[in-house]
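The values are calculated or read from the model by the stated rules, or taken from the named source; none is laboratory data. Worth saying up front: this structure is predicted, and the values here are computed from it rather than measured. As a convention, Cβ positions derive from the backbone with ideal geometry for all residues, glycine included, and neighbour counts pool all protein chains shown. To get the accessible areas, we keep the full protein, side chains included, count just its heavy atoms, and leave off ligands, DNA and RNA. Shrake-Rupley method; radii C 1.70, N 1.55, O 1.52, S 1.80 Å.
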Amino acid sequence: MANAAAAPQDGLDQTAADTGLDSVVVRFAGDSGDGMQLTGGQFTLSTALAGNDLATFPDFPAEIRAPQGTLFGVSAFQINFGSREINTAGDAPDVLVAMNPAALKVNLAALKPGGLIIADTGAFTKRNLEKAKYAANPLEDGSLGKFDVLAFDISEKTIEAVKPYGLGNKDALRSKNMWTLGLALWMFDRPREPIHDWLKGKFKTKPEIAEANIAALDAGHAYGETAELAGPLKQVHVDPVPSDPGLYRTVTGAEAVSLGLVAGAQLAELPMFFGGYPITPASAILHHLARLKEFDVTTFQAEDEIAAVCAAIGASYAGSLGVTSSSGPGIALKTEAIGLGIMTELPLVIVNSQRGGPSTGLPTKTEQSDLYQAVYGRNGDAPMPVIAASSPGDAFDVAIEACRIAVQYMTPVMLLTDGYIANAAEPWKVPDPASYTPFPAKFLTEKNAQDDDGNATFLPYKRDEKGARPWVKPGTPDLMHRIGGIEKHELTGNIDYSPDNHQRMTDLRKGKVEGIAVPDQEVCLGNTSGKLAVVGWGSTYGPIHRAVDNARRKGLDVSHIHVRHIWPMPANLGELLHGFEHVLVPEMNTGQFKTVLRDQFLVDATPLTKTSGQPFQIAELEEAIGKYFDGVEGNEGGQVLVNDDQLPHLEAGHDDGSLNDTASPQSQEHGS
């Protein structure tokens, strides 16, 4: 944002073109009680209404309420918005809003040289500086010389703005995120009215609280409008991105999955039952679905993960579309029941919102390390389709596809997202419902075979051309049959331990999954053969696509292939990969998809791995791609080093809160 400090021409506000920018990255950072996620979310709403393309990255601590003012209690929200297509939340911020010293210290290294720091001097007290491990105040010691710095007392200005509403200082300070949001709205020429309406709706039973927050918001906006600042604070207008006509809304991955599941159930003409148990970052799916009861959706918060998945299996047995969701640790608990779903051959959709692991791991950080668990992680030969979403918007279509496969092939299906997709937001063009082909579920209502005497009989495991057994609702006359986890006869469903029968049933279950019709793999960007293919899956889509696009603009022979159907994989994928001299597989694990590709296609895939709890940066991928074209032998792939710009340094220690009296959780009533 250093360019943004230039004086506007002819007294006019700057546009992005004036500054040479077609996109801007802003990071809001503060204590986990400062309301940074809410601030970022509402700024995202205004940005979407302004017509910009955008991508967001909420990044917050796992603690319910980390010690106030500490490095490990920092919560951040990053948004990249612009007048061009936006694929990622951005590598490095142009603007960093730091609400306290800890927020500055944790996020400073990520800021671009010449970037703008907006800091609340009211929070830079001696006590807070000590908690952030600062020996001196960085706003005063010259250490921020390579940045533009705008430091003023946001806390004091917020207290002044809400004084007419009779709030004490402690309550007044809970509105300083709204003051900061108002300033940000002015900086980037965003409308305030949608935030006014949102505050009035949120606090409709307490209008005085709504008015106080609106006053703080307007005061921040007015500060930007009227302050005589010769320094770095200037208004920048980013033009809307060209887009196709249609209805647009901002959507997170969790929202898109929820809407897609409902749409899938509607296309299958089935009621939907969702059994879940709270776990980060999957809980939001339960929250969203609970608000969609009018679409014949039943939600059930179970006492544990096992009860949740078993209830969903029971619902499928009864004739509903059973759905459950969790993250890695919860999926591990559900595993035996998932095997039951595979053995009974009932439709079931399992959503895994992956997070850093193993065990409790990194509850609020993203990772792709559950791929082995999804493809292989059950006892016995228990094949199951696996499909992965590549972005928040893509999660809608992937959820529909998971429902289709589950219903048409009578099988559990695992849908992989991750913490980044679940929490991130992007503009989404609401699709035309008529563009989706229905796949109505078919229930057997009469006997489907004849016995040796020519009499009608029922064979519950007699399969159709897809290998799917019939779906029978309990209580259907003359169609009573056994169901359970013990091996069954290949036709009658009666218990059968015989070696030949188990061999046939194992082969039938395997063949059914391997025979699922999935679309041929397409090349997202580039050619169908050449020097280098960068192959990704899941949420790596954005940074890979941008890095490959940048490389191709330099004339490099590189293509981007992104795989949605993880198991079974597209039939043409092996031939496609063998058309490239090199295959690079970036993923946020230690190389799991690389191993699957090697196993299935004998392709010499090279891993590029990252397990820091943060998404790939475009620059990291550009560097890896470039090494294939610089003649340096043996330099391809490898592990991406932990990005210390995105996480607190270990040597900073973990403040246990002994330096402060931990504040009570922040009230929602003040815009936090």
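For segment 216-282 and segment 326-392, compute the distance between their C-alpha centroids and round to whole Å. Each part's Cα centre sits 27 Å from the other's.
Shown here: segment 336-448, whose C-alpha atoms stretch 52, 42, 14 Å along the first, second and third principal axes, sorted largest to smallest. Taking 7 Å steps out from each Cα toward its Cβ at residue 196 and residue 554 produces label points 4.9 nm apart.
Can you list the residues of segment 295-335 with backbone N under 19 Å from a point 7 Å past the Cα of residue 476, pointing along Cα to Cβ? Under 19 Å, as judged by backbone N against the label point of residue 476, lie 313-322 of segment 295-335. Can you figure out the FRET efficiency of residue 448 with residue 247, using R₀ = 56 Å and their beta-carbon distance, to the nearest 0.05? In this case the efficiency is close to 0.80.
Centre-to-centre separation between the Cα atoms of segment 404-425 and those of segment 80-151: 37 Å. In segment 58-122, carbon and sulfur make up what percent of the accessible area (probe 1.4 Å)? The C+S portion of the solvent-accessible surface of segment 58-122 is 57 percent. The share of C-alpha pairs in segment 22-90 whose separation exceeds 21 Å stands at 28 percent.
Highest first, please rank the peptides 375-383, 399-407 by the mean number of other Cβ atoms sitting within 10 Å of their residues. Walk me through the numbers on the way to the answer.
Details: 375-383: 15.3, 399-407: 25.4.
Descending packing order for the listed peptides: 399-407, 375-383.
With runs of 4+ DSSP H residues as the only contributors, calculate the mean residue ellipticity of the chain at 222 nm using -39,500 (n - 2.57) per run, divided by the residue total and rounded to the nearest 500.
On the way: 21 runs with 219 residues, N = 672.
It comes out at -9500 deg cm²/dmol, rounded to the nearest 500.
Straight Cα distances below 14 angstrom link residue 554 to the aspartates and glutamates 622, 623, 630, with same-chain residues fewer than 8 positions distant left out.
Summary value for the chain: 14 percent relative contact order, contacts being C-alpha pairs under 8 angstrom separated by 6+ residues. Counting lysine pairs in segment 357-476 that sit 8 or more residues apart in sequence, or on different chains, and whose Cα atoms lie under 21 Å apart gives 7. Taking every DSSP beta bridge with both residues inside the chain, roughly what % is antiparallel (nearest 5)? Given both bridge residues lie in the chain, the antiparallel proportion sits at roughly 35 percent.
Over segment 505-606, what portion of Cα pair distances is larger than 24 Å, expressed as a whole percent? Mind showing how you got there, number by number?
Values: 1158 of 5151 pairs.
Value for segment 505-606: 22 percent of Cα pairs lie more than 24 Å apart.
Leaving out ligands, DNA and RNA, and with a 1.4 Å probe, what % of the accessible surface on segment 437-479 is carbon or sulfur? List each step's numbers first, then the result.
On the way: 1160 of 2680 Å².
Carbon with sulfur: 43 percent of the solvent-accessible area.
The aspartates and glutamates within cross-link reach of residue 112, meaning a Cα-to-Cα straight distance under 15 Å and a gap of 8 or more places when in the same chain, are 91, 94, 148, 644, 645. The smallest convex shape that holds all Cα atoms of the chain, its convex hull, gives 173 Å³ per residue.
Averaged per residue, the chain has 41 square angstrom of accessible surface, using a 1.4 angstrom probe with ligands and nucleic acids left out. With a 1.4 Å probe and every protein chain kept in, tell me what percent of the accessible surface of segment 507-579 is carbon plus sulfur. So the carbon and sulfur contribution to the accessible surface is 45 percent.
Where both partners of a DSSP beta bridge lie in segment 476-619, what percent of those bridges are antiparallel, to the nearest 5? Each step should come with its number before you reach the end.
On the way: 2 of 17 bridges.
Once the DSSP bridges in segment 476-619 are tallied, antiparallel ones form about 10 percent.
Convex hull volume of the C-alpha atoms in segment 84-225, normalised per residue: 135 Å³.
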